[in-house]
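Since the structure comes first, as structure tokens, the remarks are kept for the end.
The values are calculated or read from the model by the stated rules, or taken from the named source; none is laboratory data. The model shown is predicted, which means the values in this text are computed figures rather than measured ones. So basically every Cβ, Gly included, is an ideal-geometry build from the backbone, and we count neighbours across all protein chains shown.
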Amino acid sequence: MVVPASVFAAKKMYMQASFNPTETEQGVTIVTSGRVFDAANMPIPNAAISIQVNNPQGTSVHVAVNFTDSKGIFQDTFFLQATSPGGNYTVYLASDKPGYDTTRLTLIFSYSSPNFSIQTSSSALSLREGETSSVTLTILALRGFHELVNLTALALPIGVSVQFSPVSIIPSGTVAVIVAVSSFAPVGNYTLTLLGVSGSLSHRASVQLAIMPGPIQVVYLPIALIAIILAVLFLVARYRGERKRREAVVEALITRASADKGYVASARALAKLEELRAMDRVDEATYQRLRREYEKQLEKSK
């Protein structure tokens, strides 16, 4: 009797994958990583991963074979030259292992035309009111980019200024960015947006700026107070001197009023009193009192 051979159905295999591109001046490094697993989401180790990359013209530019580790994870690194044509690149992935169905996955990534990028040496600055600091801005040419990039800052906080040195550059190169905080800048946290523009291309980088209270300007307060005090003392001394001179003149008039009884003397004293009043050298109450006395003496002398 013939016993038919047992037929075993192949297990279903699943695959997930993604890209992680890193651009440099020479080109872009593309890391393709993924995971292979079964229907129960259990990893499938030692699965063969075939990778093929085609450029926008359909020409194969990269072929590789990798194997999944004990966690079902695989990874492949591919470098694309800066002179490579721009457009959509297609990555074909296939996973094979005995006892499993072959699984296929197609991914697409875009490689654009010449461009540039902006990076800062520091992503955060902490400055006190009245302080100045700087960061370095790196303008990197990508895929043969050689155009002029103009730099500026957007929507600066009150009391904050940003200066680029130089203000434009043909990448690749670095630019010094000087950040100055005035003594009246409001305390708080802000975002500085640094923008690079070249034709229709623009890229930006951000720096978090923390403005803290500045040191108390103790030097200026005493000088201002001393100046005010000196001015007040000068005015007081001047007023007292003028007052003493007025009192002396008035005393002289009073003495003359009591001593001189003649008509002519009283008339002269009265005329002097009017002159002092016109010069604002006698107060109104004293003027009225002396005038009455001189007028009485004039009446008596007639």
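Brief remarks on what is shown
- Reported count of residues in the range 156-171, each being among the hydrophobic types (A, V, I, L, M, F, W, C) and in contact with a Pro (Cβ under 8 Å, 6 or more places away or on another chain), is 1.
One line per residue, one yes/no per condition, for (1) within 49 Å of the chain's Cα centre (by Cα); (2) closer than 30 Å to T138 by Cα; (3) at pLDDT below 90; (4) not charged (D, E, K, R):
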| position | (1), (2), (3), (4) |
| --- | --- |
| S6 | no, no, yes, yes |
| A9 | no, no, yes, yes |
| S33 | yes, yes, no, yes |
| A40 | no, no, no, yes |
| S70 | yes, no, no, yes |
| P85 | yes, yes, yes, yes |
| V91 | yes, no, no, yes |
| L105 | yes, no, no, yes |
| S113 | yes, yes, yes, yes |
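- Of all the criteria given as (1) closer than 30 Å to G199 by Cβ; (2) in contact with a Leu (Cβ under 8 Å, 6 or more places away or on another chain), the one not satisfied by L93 is (1).
- Hits in the range 64-91 (condition: within 23 Å of M42 (Cα to Cα) and assigned to a strand (DSSP E or B)): V65, N66, F67, I73, F74, Q75, D76
- Filter result for G87 (on the phi > 0 side of the Ramachandran plot and touching a Pro at 6+ places or on another chain (Cβ under 7 Å)): yes
- Of residues in the range 72-103 being surrounded by fewer than 12 Cβ atoms within 10 Å (Cβ to Cβ) and out of contact with any Gly (no Cβ under 8 Å at 6 or more places or on another chain), the one nearest to N20 (Cα to Cα): N88
- When restricted to residues that are in a strand (DSSP E or B), farther than 12 Å from S95 by Cα and of a type in the set (A, V, I, L, M, F, W, C), the range 28-63 contains 6.
- So A94, is it small (G, A, S), in a strand (DSSP E or B), free of Cβ contacts under 8 Å to residues at least 60 places away in the same chain and in contact with a Ser or Thr (Cβ under 6 Å, 6 or more places away or on another chain): yes
- Reported count of residues in the range 17-65, each being surrounded by 15 or more Cβ atoms within 10 Å (Cβ to Cβ) and free of Cβ contacts under 8 Å to residues at least 24 places away in the same chain, is 1.
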